[in-house]
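Engineer: One structure coming up, written as structure tokens, with questions to follow.
Please treat every number below as a calculation from the coordinates, not as lab data. On a predicted model such as this, the values are computed, not experimentally measured, just so you know. Cβ coordinates were reconstructed from backbone atoms using ideal geometry, including for glycine residues, and neighbour counts include every protein chain displayed.
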Amino acid sequence: MIRTKLGLLGLCAVVLGMMAMSAGSAQGATTLFSWLILNAAKTVATDLLALLTGKTDSTHLTLDGEVAGLKIAVTCTNFTLKGVHLVPGGKLNETGKVVFTGCKVYKVAPLTEEYKCTVKTVGAAAGTVETNAGKGELVLHEVKAGVKEVLTKVEPLTGLEGNFATLRFEGAECVLPELNQVHGTLYLKDCLGFATTHKLEHLVEQGPLTSLYVGGHSAKQLEITRILGSAWISLTGEHAGRDWSAMDVVHP
């Protein structure tokens, strides 16, 4: 695919993430969202509770940003979704997490020079980053006049007051601050434009409207902090092998 191949968090959250019923009004209209999962025969679509799984589409998943005036690229080789479910009404459950493994911290992406630091979250092994639980919702984004796309809005459970994860940098020669919170709002989009099309798996990456920052909130942080990369998301458990999609329905 012709696209930047990198990414991290919430994918990421993975990633991924967290979605919910949302309403947007335009001249009195209301948009209701749902997840539609096809039955095995692909004849009936139902809004169901379903467990998600994921896999990387990129060599690395990277959080690109800055701490204490130093550029960082926290890069991981893999991720797993931990108890992340689709919930009827276009939601994701609020207890799911994303666990990234094989994580290292570099000075810049592409990955050219590694800091003399290990990266982890508190209680995890070196190289493992586990996000906090979050929340989210499906929303409509107006790409241009008359053209809208369905995105997944993902936030910490306590919104902007909370954090996606606290990155811990360690090492005798590490020059980075030890504890660094990742805040903000992540919007995920279907890379291939199939958000409302039934597919076995959907390829997602950071979408428009995303506003992330590491540490202090500032215009510069919001401008430079981003998630690079993409991941495939599919159903597992009792719904493994089923096609699924997001659905937006406008009511007058």
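Engineer: Lysines within cross-link reach of Lys144: Cα-Cα under 18 Å, excluding same-chain residues under 8 positions apart?
Structural biologist: Cross-link targets: Lys189.
Engineer: If you take the beta carbon distance between Thr46 and Glu94 as r and set R0 to 30 Å, what does 1/(1 + (r/R0)^6) give as a FRET efficiency, to the nearest 0.05?
Structural biologist: Efficiency at R0 = 30 Å is approximately 0.85.
Engineer: Can you compute the FRET efficiency between Leu111 and Leu70 using 1/(1 + (r/R0)^6), with r the Cβ-Cβ distance and R0 = 22 Å? Round to the nearest 0.05.
Structural biologist: 0.90
Engineer: Counting Lys and Arg as +1 and Asp and Glu as -1, what is the net charge of the other residues whose Cβ lies under 11 Å from the Cβ of Ile227?
Structural biologist: Its environment carries a net charge of -1.
Engineer: How high is the relative contact order of the chain, given as a whole-number percent (alpha carbon pairs under 8 Å, six or more residues apart)?
Structural biologist: Value for the chain: 25 percent.
Engineer: Among residues other than Arg168 whose Cβ falls under 13 Å from its Cβ, what is the net charge (Lys/Arg +1, Asp/Glu -1)?
Structural biologist: Summing Lys/Arg as +1 and Asp/Glu as -1 gives -2.
Engineer: Please arrange Phe194, Phe169, Phe33, Phe79 by how many other C-beta atoms lie within 10 Å of their C-beta, fewest to most.
Structural biologist: By the 10 Å Cβ count, ascending: Phe194, Phe169, Phe33, Phe79.
Engineer: Let me ask something else. With semi-axes √(5λ) of the Cα gyration tensor in Å in mind, check (1) 32, 19, 16; (2) 27, 21, 17; (3) 24, 20, 19 and report the label derived from this structure.
Structural biologist: Checking each listed value against the structure points to (1).
Engineer: So if we plug the beta-carbon distance of Thr59 and Thr30 into 1/(1 + (r/R0)^6) with R0 = 45 Å, what FRET efficiency do we get, rounded to 0.05?
Structural biologist: Once the sixth-power term is evaluated, E becomes 0.60.
Engineer: For Lys220, give me every one of the aspartates and glutamates with a C-alpha distance below 14 angstrom, ignoring sequence neighbours fewer than eight places off in its own chain.
Structural biologist: Answer for Lys220, where 14 Å is the Cα cut-off: Asp64, Glu66, listed by chain and number.
Engineer: Let me ask another. For Glu66, what is the net charge nearby, where nearby means another residue's Cβ is under 12 Å from its Cβ and Lys, Arg count +1, Asp, Glu -1?
Structural biologist: Surrounding charge for Glu66 is +2.
Engineer: Further, regarding this structure: Over 18 Å between Cα atoms, which of Lys55/Lys120; Lys91/Lys153; Lys55/Lys82; Lys104/Lys153; Lys97/Lys120; Lys42/Lys199 qualify?
Structural biologist: Pairs exceeding the cut-off: Lys55/Lys120; Lys104/Lys153.
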